[in-house]
Amino acid sequence: MRRRGFLSLGLALGLAACASEPARTARPPRARATPGMVDEPALVGLNAVIDLHHANGVKSFAMARDSSGVLAVIHKASEGDWQDPRYEERRAQAMDAGLLWGAYHFGTRQHPGRSQAQMFLAAARPDPATLLVLDLELNERAPGNTMQIDAAEDFVREIAATTGRLPLLYCHPAWADGETLPSSKGSGSLGGAILPGSALAACDLWLADYRYEPELPNAWNGRGWRMWQYAGDDARTGGPFRDRAREVRGIERCDRSVFAGSRDDLYRYWGGIGRSGA
């Protein structure tokens, strides 16, 4: 997933710079993202989830499982109307290695949310054991092509109506709270904050935050995150844990996440993700 610009910016500026923004002091402070406390050198949570896209090199999923404790892989399936060309072969390889499988869609602006949901399902071809994810973030290559909040909510509703379950929502706390974020090619925002009680807030949260103590978006206060992506695949902006936490045997580079629960909890969750009658 692409979050390099604003995640690296957050690392560089730190919490002090955030506190200097007048717009943020007017809002209630975000809650600390329990259970995401970090106990160096170990992460609290199950450090067993990686995510990939076509540009990440994979040598052996079995090695990732046996040597690095990886239990689940979430792979990019689509972006707008584009399909990841490595998705199908990686899915077969991961499942042959006995790993849990998930698919994510990178939301864009050029198609309505419901249409993107349909394109995602056609690309991901999910079975009941496939975790579904909406990747909601700034499109750094083309900020004007960033998915907006209304389209994201329509995406979630369409997934729920078609599959009977809600997707996991991948998001950075500042982005979810409607803040404007910079990139090398401009800036952008979600077009508003995700509100409690909304379709997006009904989704479980996959929190993207590369600080030692992540923060929760306001819509998830009191609920917490389901997964926390604590390290990225870029050694320059990969998060505070650096190579020690990011390394996965058999994978050239990848993003890493912890799951809020035990190994048994992970398997139970993957089989019953976000059931919804919506």
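The values are calculated or read from the model by the stated rules, or taken from the named source; none is laboratory data. The shown structure was predicted, so the numbers you read here are calculated from the model rather than taken from an experiment. Counting neighbours? That spans all protein chains shown, and the Cβs are built from the backbone with ideal geometry, glycine included. Surface areas here come from the heavy atoms of the whole protein model, side chains and all, with no ligands, DNA or RNA. Shrake-Rupley method; radii C 1.70, N 1.55, O 1.52, S 1.80 Å.
Among the residues of region 111-142, the ones that are within 22 Å of Ala176 (Cβ to Cβ) and either within 16 Å of the chain's Cα centre (by Cα) or β-branched (Val, Ile, Thr) (or both) come to 11 in all. Would you pick out the residues in region 234-266 that are surrounded by 14 or more Cβ atoms within 10 Å (Cβ to Cβ), modelled with pLDDT of 60 or more and closer than 30 Å to Ala199 by Cβ? Listed by number, the residues that qualify are Cys254, Asp255, Arg256, Ser257, Val258, Phe259, Ala260, Gly261, Leu266.
Pairs meeting the criteria (first residue in region 267-278 and over 16 Å from Trp101 (Cβ atoms) and at pLDDT 50 or above, second residue outside any helix (DSSP H, G or I) and open to solvent by 30 Å² or more (accessible area, probe 1.4 Å), beta carbons under 7 Å, at least 6 apart or on different chains) are lacking.
For region 158-165, does any single residue satisfy the condition of being assigned to a loop (DSSP other than H, G, I, E, B) and touching a residue at least 24 places away in the same chain (Cβ under 8 Å)?
Initially, region 158-165 is screened for residues assigned to a loop (DSSP other than H, G, I, E, B), giving 164.
Now restrict to residues that are touching a residue at least 24 places away in the same chain (Cβ under 8 Å): 164.
Scanning region 158-165 turns up at least one residue that is assigned to a loop (DSSP other than H, G, I, E, B) and touching a residue at least 24 places away in the same chain (Cβ under 8 Å).
Taking the condition under 25 Å from Pro217 (Cβ atoms) and at pLDDT below 95, does Val44 pass?
On the way: under 25 Å from Pro217 (Cβ atoms): yes; at pLDDT below 95: yes.
Considered against the rule, which asks whether it is under 25 Å from Pro217 (Cβ atoms) and at pLDDT below 95, Val44 comes out as yes.
Of all residues in region 175-204, those satisfying the criterion of being over 18 Å from Asp150 (Cα atoms), of a type outside the set (D, E, K, R) and without any contact (Cβ under 8 Å) to a residue 60 or more places away in the chain are Gly186, Ser187. Checked against the criteria, Thr108 does not count as of a type in the set (Ser, Thr, Tyr), touching a Phe, Trp or Tyr at 6+ places or on another chain (Cβ under 7 Å) and open to solvent by less than 10 Å² (accessible area, probe 1.4 Å). With respect to the conditions (1) surrounded by 21 or more Cβ atoms within 10 Å (Cβ to Cβ); (2) under 26 Å from Ile50 (Cβ atoms); (3) touching an Asp or Glu at 6+ places or on another chain (Cβ under 8 Å), Gly113 falls short on a single one, namely (2). For region 213-226, does any single residue satisfy the condition of being modelled with pLDDT of 85 or more, more than 19 Å from the chain's Cα centre (by Cα) and either in a loop (DSSP other than H, G, I, E, B) or surrounded by 18 or more Cβ atoms within 10 Å (Cβ to Cβ) (or both)? Taking every residue of region 213-226 in turn, at least one turns out to be modelled with pLDDT of 85 or more, more than 19 Å from the chain's Cα centre (by Cα) and either in a loop (DSSP other than H, G, I, E, B) or surrounded by 18 or more Cβ atoms within 10 Å (Cβ to Cβ) (or both). The single condition among (1) at pLDDT 95 or above; (2) under 21 Å from Ala208 (Cα atoms); (3) in contact with a strand residue (DSSP E or B) (Cβ under 6 Å, 6 or more places away or on another chain) that Asp84 does not satisfy is (2). The set of residues in region 56-104 being open to solvent by less than 10 Å² (accessible area, probe 1.4 Å), aliphatic (A, V, I, L, M) and in a helix (DSSP H, G or I) consists of Ala64, Ala94. The set of residues in region 116-141 that are touching a helix residue (DSSP H, G or I) at 6+ places or on another chain (Cβ under 7 Å), touching a residue at least 60 places away in the same chain (Cβ under 8 Å), open to solvent by less than 10 Å² (accessible area, probe 1.4 Å) and not aliphatic (A, V, I, L, M) comprises Glu137, Asn139.
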